[in-house]
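The values are calculated or read from the model by the stated rules, or taken from the named source; none is laboratory data. From a predicted model like this one, the values you see are computed outputs, not experimental measurements. Cβ placement follows ideal geometry from the backbone for every residue including glycine, while neighbour counts extend to all protein chains displayed.
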Amino acid sequence: MQEEGYRVDQVVHDYGDVCQAVTELARERRVPITVDEFQILNRMLDNAIAELNGQIEMNRYNTHLRRQLLGVYAEKQQTLREVMKGVTS
């Protein structure tokens, strides 16, 4: 989601808006929502938020790994330059 330009707080807020919209639509159409149904909706939204947070953490971890790999690659390049320098001297 962040790659698409969405902020985490914005997405969490939007999930809350979804819950609000569903309950308002039900009220407007006079469709009763049971406590169990409302809890299911809330649980589903909570799970979606938790999944988003997990993806963010995974992306942070992946970013850390990418930085480490780039560091190793840079070290290897430097070593190869030094070796090539020694061969051509």
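In region 37-83, what residues are acidic (Asp, Glu), more than 20 Å from the chain's Cα centre (by Cα) and closer than 27 Å to ASP9 by Cα?
Scanning region 37-83 gives a single hit, GLU37.
Which of the residues spanning region 2-49 are at positive phi and modelled with pLDDT under 85?
Listed by number, the list holds a single entry, GLY5.
If you check VAL31, VAL12, which single one turns out to be in a helix (DSSP H, G or I) and out of contact with any Gly (no Cβ under 7 Å at 6 or more places or on another chain)?
None of the others qualify; the one that does is VAL12.
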